[in-house]
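Data first, discussion second: the structure below is written as structure tokens.
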Amino acid sequence: MSDPAPGFSPPYTYSGEPTLGAKMDDVSRSSTLFSLGGVDDRCFSTIQEETLAIPEGWTMCVHPQGWVYFYNHTLKVVADHNIRLPGILEITRQSYLGYPLSELTEGMEVHLHVQAQKIADKFKGNNGGIATFNLTINHKHCVASYEIADVMGDNSCLLGPQRLNRCRRLYWNYLWNHPSHVTTPPRAIEDAFDSLTWFYTDNLISGQRSTVPFSKLECEELSRVVKEISRPENEKSIAKTVFLAWLLREVCSYRDAENWGQLTQKESQAFRREKLAPSHAAYQPPPVLLGILMFVINVLCFGIPHTYRAHVKMTSEYRGRLSSVQKNWENYIERLVREYSHFLLISTVLLSATVGFLAVEGIPEGAQVSATISTFASLGSIIVGVFSIWRHQANTSTADSFTYMHNVQHRYLGLYGHAIMLSLPPTLLVWAILTFTVSVVVYVMHGVNASEGTWGKISTWTVLAIFIILFMAVLLALYTFSIIWKFQRRSVKIWYRICSIWSNTASVMGRGPQPKPRDIVRV
């Protein structure tokens, strides 16, 4: 274990001076359990005195976030509890006396955790004493373990990938909580750059399906920070140690989740596919109800819900990273808001036109009925669109997206029912346009019967003819834009089919040779 770096001066470390009491840190687990008698829970109460002396040989270190811990360079011991209280100091002394401190070599230390009686009873079932959890740290190889044999000497080089990664994760987690009494390990910068480079590469290769813990933008920002803190002026920075320890701890946690160093390439690919696959299928309505829903979707809603169902399904897919889930959710809301805003504008204009049409005197009853239905449909589109925009924009967090998708997939009507609800603004708008068109046509047809004179009838039929032409053009445009997004194979020419049939017939009946493909004229 190296001496405290010269730059680690107050307020980060204190030795032998009165100081305020500190709240005890959280206690880790350990596979090494010792029991010491004669101590009750009152020894672990919060310290209220403001003038407690630091025992001789101990140094109080302050974490950048403000909490304190204590380090004994001679014993190579680190403790989280407030040893300025005599009772706690005695407990700590009994704890390290039961630990083989003599086996610790240069660059090693032990982190003592002391638990109260109720936790000791949980592990030991005894009737008195405390429990200590000891983590052995090897700063030379950047490993830590609750089994001292794992980190003694060069034993860490003999560990398997999984065990070594666990020891590395324990080390970086320890260093994140206790950075003030040691310098930053030399390999930290190199490991950080190597990990961030791979994360950035995986983002480029896998895209949205990348499972690395940081996005491409985050990798760029983290790489810039690592480059900045690697300058000579940051050599003795405690914040540098904390940052690198946090980063490398996340790297080790990610590797542990990905079964790092355990699977072959094919096994790893199968493992990722299985992890990305949904754990359960979305609810499907019964066959009879599904048939009714298909009729509503394809006939009454003009197939519009299929688009929204595909959009919801794509948004609900997990593509490897929670940040991707949040991004997909934001894109989903943005698209809904944008589309609904367009529908609201058209519905508002159509509503105004319909109300103005109803104000015309002398329109037939059929036109009045159609225009009234168009008014109601426009109002329904506006109301549903405004409410949907308000509710979606008010719930943009990741937790809201999980709740939303869970309810969508597990309701009685499933995705189909929700797709119908989402398609109400455009569906009602289409019905409003159709009924308004019908009312106008009825009004024009009424003019055919009511008009007197030749020129009046000619003008009325001219308007109807123009309407029919425009109606056919609109239908052709709608059909074209509905199939243009699907790959269409080039159809065979009719003349080519006739020639093929004739040549085959002639060949069978012996009336002539079968023409070669180059003899057939393509039109």
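Listed values, structure above:
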| quantity | calculated |
| --- | --- |
| Tabulated pairs, the stretch 370-382, first more than 15 Å from residue 425 (Cα to Cα), second surrounded by fewer than 19 Cβ atoms within 10 Å (Cβ to Cβ), C-beta under 6 angstrom, 6+ apart or interchain | 370/438; 371/358 |
| Single condition residue 238 does not satisfy, out of (1) free of Cβ contacts under 8 Å to residues at least 24 places away in the same chain; (2) open to solvent by less than 20 Å² (accessible area, probe 1.4 Å); (3) among the β-branched types (Val, Ile, Thr) | (1) |
| When residues of the stretch 110-150 are limited to those that are more than 22 Å from residue 70 (Cα to Cα) and at pLDDT 80 or above, the one most open to solvent (accessible area, probe 1.4 Å) | 147 |
| Odd one out for residue 424, checked against (1) under 46 Å from the mean Cα position of the chain (by Cα); (2) within 30 Å of residue 368 (Cα to Cα); (3) modelled with pLDDT under 90 | (3) |
| Candidate set: the stretch 457-481, residues that are surrounded by 12 or more Cβ atoms within 10 Å (Cβ to Cβ) and under 56 Å from the mean Cα position of the chain (by Cα); chosen: the one farthest from residue 430 (Cα to Cα) | 464 |
| Selected residue [over 29 Å from residue 284 (Cβ atoms) and among the hydroxyl-bearing types (Ser, Thr, Tyr)] from 401, 423, 439, 388 | 439 |
| Checklist (1) in a helix (DSSP H, G or I); (2) farther than 25 Å from residue 144 by Cα applied to residue 198, failing item | (2) |
| Unmet criterion (only one of (1) at pLDDT below 95; (2) in a helix (DSSP H, G or I); (3) open to solvent by 10 Å² or more (accessible area, probe 1.4 Å)) for residue 183 | (2) |
| Count - residues of the stretch 168-180 that are assigned to a helix (DSSP H, G or I) and either open to solvent by 40 Å² or more (accessible area, probe 1.4 Å) or out of contact with any helix residue (DSSP H, G or I) (no Cβ under 6 Å at 6 or more places or on another chain) (or both) | 8 |
| Condition check for residue 416: surrounded by 14 or more Cβ atoms within 10 Å (Cβ to Cβ), at pLDDT below 95 and outside any helix (DSSP H, G or I) | no |
| Test: residue 248 is outside any loop (DSSP other than H, G, I, E, B) and closer than 25 Å to residue 170 by Cα | yes |
| Residue ID - farthest from residue 242 (Cα to Cα), chosen from residues in the stretch 70-109 that are crowded, with 18+ Cβ neighbours inside 10 Å and in contact with a His (Cβ under 6 Å, 6 or more places away or on another chain) | 88 |
| Residues of the stretch 60-109 that turn out to be over 45 Å from the mean Cα position of the chain (by Cα) and either of a type in the set (A, V, I, L, M, F, W, C) or in a helix (DSSP H, G or I) (or both), as a count | 13 |
| Filter result for the condition that a residue is within 29 Å of residue 483 (Cβ to Cβ), in contact (Cβ under 8 Å) with a residue 24 or more places away in the chain and either open to solvent by less than 70 Å² (accessible area, probe 1.4 Å) or part of a helix (DSSP H, G or I) (or both), over 312, 386 | 312 |
| Residues being assigned to a helix (DSSP H, G or I) and crowded, with 18+ Cβ neighbours inside 10 Å - total across the stretch 201-222 | 4 |
| Residue among 285, 305 that alone is open to solvent by less than 30 Å² (accessible area, probe 1.4 Å), within 30 Å of residue 486 (Cα to Cα) and assigned to a loop (DSSP other than H, G, I, E, B) | 285 |
| Unique match (being assigned to a helix (DSSP H, G or I), at pLDDT 60 or above and in contact with a Gly (Cβ under 7 Å, 6 or more places away or on another chain)) among 480, 460 | 460 |
| Where residue 391 falls short, out of the listed (1) over 39 Å from the mean Cα position of the chain (by Cα); (2) free of Cβ contacts under 8 Å to residues at least 24 places away in the same chain; (3) open to solvent by 70 Å² or more (accessible area, probe 1.4 Å) | (1) |
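The values are calculated or read from the model by the stated rules, or taken from the named source; none is laboratory data. This one's a predicted model, so the numbers in the text were calculated from it and none came from an experiment. Positions of Cβ are backbone-derived with ideal geometry, glycine not excepted, and every protein chain shown enters the neighbour counts. Just the protein is used for accessible areas: all its heavy atoms, side chains included, with ligands, DNA and RNA removed. Shrake-Rupley method; radii C 1.70, N 1.55, O 1.52, S 1.80 Å.
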